[in-house]
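Each remark here refers to the structure printed beneath this line.
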Amino acid sequence: MKFEIYTDESYITGERFRSIAAFSYNADYKDQMHGELEEILKGSGVGEFKWKKLKDAKHNFCAIKLIDYVLKKISNYDLRVDIVVWDTHDSRHKIQGRDDDANFERMFFHLLKTTLKRRPRNSIWNIYPDQKHGIDWDTIHDCIAAVGRHIEYHTTMFGDFFTDPYYHIESFKEIDSSITPCCQIADLFAGLSVFSINYYSDYCLWKHNLATQQSTLFPNPNKEIQFSNREEVRFCIMHHINKECKKMKLGVSLKTKKRFHTFNPKNPINFWLYTPQHKYDKAPTKIG
């Protein structure tokens, strides 16, 4: 089988929590899906969807349409969205002289190697990361490819055998996300993942306000906390995807960990907060 995967990042510079999302699907449906996503953007009056632009009704409706499309097509196009988030205040990252570009490369590697291995063995991949300066894409490609070529040896009661390689990389190419709808899907989920961490408490207050307004004929606005248009729109998106994922039983939780989280990483919408794997798991540092 052949798959394609598109990646984009969010909150990468100067933020405590940072993220990369990977949107992948069966390559047989590439042309059809790209055309359908372009129609959604065009019909919404949005040239390029970016999380940072999500602050008005037009982008709100566009985001809902994109989310609904992804969830609806999970089975049809064999879609996955995998999102890794890391905390720059944890034991891995809170170190002197941390190299954020090199650390981005490590997080990208962790995300891609696990995502690709969740597909059938011997799959063929085309990988399209969003353009990012200062990243050694050639080395990342080589490392991911090396994992894919790994063949395992097993001894059983029926004899010895070798497994197929995990995967093969056919192409690895930076692209311009502004003209690539699939990268814009990744950007949406990457932004949503970090926002859910940063604003969970405010989201709960917003939900309380909303419930009060709906249950009271003459609500008193002086007793309610006011939020900006940007926050209101993004809370709507949080609420929508949480509701729809529960409706589809996708195993995505928001309340349990006070952020979006997927308990079973094999599920097609996988929110993953990276945690240090052992005491020597440290972010790379700048030389000199």
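For Leu188, what is the net charge nearby, where nearby means another residue's Cβ is under 9 Å from its Cβ and Lys, Arg count +1, Asp, Glu -1?
Net charge in that neighbourhood comes out at -1.
Among residues other than Lys258 whose Cβ falls under 14 Å from its Cβ, what is the net charge (Lys/Arg +1, Asp/Glu -1)?
Once positives and negatives cancel, what remains is +2.
Take the cross-link list Lys2/Lys73; Lys52/Lys173; Lys30/Lys243; Lys132/Lys257; Lys117/Lys249; Lys50/Lys282 and give me the ones stretching past 26 Å between alpha-carbons.
Details: Lys2/Lys73 17 Å; Lys52/Lys173 24 Å; Lys30/Lys243 28 Å; Lys132/Lys257 31 Å; Lys117/Lys249 23 Å; Lys50/Lys282 31 Å.
Checking Cα-Cα distances, Lys30/Lys243; Lys132/Lys257; Lys50/Lys282 exceed 26 Å.
From a point 7 Å beyond the Cα of Thr285 in the direction of its Cβ, which residues of the stretch 77-103 have a backbone N at a distance under 12 Å?
Residues 94-99 fall inside that zone.
Quick one: if you stick a label point 7 Å off each Cα along the C-beta vector at Lys58 and Thr256, how many nm between them?
Each label point is offset 7 Å from its Cα along the Cβ direction, giving 3.9 nm.
Counting only helical runs of four or more DSSP H residues, what would the 222 nm mean residue ellipticity of the chain come to if each run contributes -39,500 (n - 2.57) and the total is spread over all its residues?
Calculated from helices alone, the mean residue ellipticity at 222 nm is -13000 deg cm²/dmol.
Three principal axis extents, largest first, for the C-alpha atoms of the stretch 21-65, in Å?
Extents along the principal axes: 35, 24, 15 Å.
Excluding same-chain residues fewer than 8 positions from Lys55, which lysines have a Cα within less than 17 Å of its Cα?
List returned: Lys65.
Once the Cβ-Cβ distance between Arg121 and Asn198 is put in as r, and R0 is 41 Å, what FRET efficiency do you end up with, to the nearest 0.05?
About 0.60, to the nearest 0.05.
So if R0 is 22 Å, what FRET efficiency would Met1 and Asp138 give, r being the distance between their Cβ atoms, rounded to the nearest 0.05?
The formula returns an efficiency of 0.25 here.
Between Leu205 and Lys50, what is the spin-label point distance in nm, taking each point 7 Å from the Cα along the Cα→C-beta axis?
Label at Leu205, label at Lys50, 2.8 nm between them.
Say each of Gln32 and Thr275 gets a label point 7 Å from the Cα, pointing the same way as Cα to Cβ; how far apart are those two points in nm?
Using points 7 Å along Cα→Cβ, the separation is 4.1 nm.
Can you give the convex hull volume of the alpha carbon atoms of the stretch 38-141 per residue, in Å³?
Given the Cα convex hull of the stretch 38-141, per-residue volume reads 163 Å³.
As an exercise, use a Förster radius of 30 Å and the Cβ-Cβ distance of Thr114 and Tyr69 to find the FRET efficiency, rounded to the nearest 0.05. If you can, show how the numbers build up before the last one.
Values: r = 25 Å, r/R0 = 0.82.
Plugging the Cβ-Cβ distance into 1/(1 + (r/R0)^6) gives 0.75.
What is the Cα radius of gyration of the stretch 242-288 over 2.2 N^0.38 Å, N being its residue count?
On the way: Rg = 15.4 Å, N = 47, 2.2 N^0.38 = 9.5 Å.
In units of the globular-protein estimate, the stretch 242-288 measures up at 1.62.
Which order, highest average first, do 231-242, 25-36 follow once you tally other Cβ atoms within 10 Å for each residue and take the mean per peptide?
The densest-packed peptide leads the list: 231-242, 25-36.
Note the angle between two axes, namely the Cα long axis of helix 57-72 and the longest principal axis of the Cα atoms of the chain, as a number of degrees from 0 to 90, rounded to the nearest 10.
With both axes taken from Cα atoms, the answer is about 40 degrees.
Over all directions, the average projected area of the alpha-carbon convex hull for the chain comes to how many nm²?
Reported value for the Cα convex hull: 18.9 nm².
No value in this document is a laboratory result; all are computed from the given coordinates. Predicted model only: the values in this text are computed from it and were never measured. Note that we place each Cβ from the backbone using ideal geometry, even for glycine, and neighbour counts take in every protein chain shown.
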